[in-house]
Each structure stands twice: as C-alpha cells, then as structure tokens.
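Take a look at the structure below.
The values are calculated or read from the model by the stated rules, or taken from the named source; none is laboratory data. It should be emphasised that the depicted structure is a prediction, and the values quoted were computed from it without experimental measurement. All Cβ positions, glycine included, derive from the backbone under ideal geometry; neighbour counts span all protein chains shown. SASA here: full protein model, heavy atoms, side chains in, ligands and nucleic acids out. Shrake-Rupley method; radii C 1.70, N 1.55, O 1.52, S 1.80 Å.
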Amino acid sequence: MRIGGLGISEAAKWGETPKIQRAANKTAQNAMTDGFVEQIKEMAKKDAEKGICMDKEYLQLRDARMKKY
C-alpha cells in the first residue's frame, strides 16, 4: 500500500498519515494559546521599537514552547 507515493512505513516516518497529522495539528493548536500569541505580539512591538527582528528573548520563549509541545 502506498500513501502519496510513499510506502506506508515511509509515510509514517515523515508524519504523512492521517492519524499522525491529526495528532500534530492538535498539539500545534494546544501550543498556540491566546496568551502565547499575545506574548509574541508584545515582543514584536518591542523589537520593532529597537529596530531588530526576533530578539534573544523571543527566541528563548519560542524554544521553550517548542520543547514543551
């Protein structure tokens, strides 16, 4: 059996099966809370005032969130 041109084990390895995709979408939705999005917006405003993009503080927040989810 093939899924999207890949064998089943290869599709699963790359997260291309419906079950894996649903789980990934649920995890991503849980990670992107309103509070987290607001934190990102505030950091973006501060960075814009400083004339920089993605300050160290933002990168640390993002990395911590990615580790959690």
Number of the condition not met by Lys68 [criteria: (1) surrounded by 10 or more Cβ atoms within 10 Å (Cβ to Cβ); (2) out of contact with any Gly (no Cβ under 7 Å at 6 or more places or on another chain)]: (1)
Exactly one condition in (1) at pLDDT 80 or above; (2) surrounded by 13 or more Cβ atoms within 10 Å (Cβ to Cβ) is not met by Leu59; state its number. (2)
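Does Lys13 meet the test of being basic (Lys, Arg) and modelled with pLDDT of 80 or more? Show your work before the answer.
On the way: basic (Lys, Arg): yes; modelled with pLDDT of 80 or more: no.
For Lys13, the condition - basic (Lys, Arg) and modelled with pLDDT of 80 or more - is not met.
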Look through region 16-36, keep the residues that are more than 17 Å from Met66 (Cα to Cα) and touching a helix residue (DSSP H, G or I) at 6+ places or on another chain (Cβ under 7 Å), and return whichever of them is modelled with the highest pLDDT. Ile20
How many residues, within region 36-56, are open to solvent by 100 Å² or more (accessible area, probe 1.4 Å) and acidic (Asp, Glu)? 1
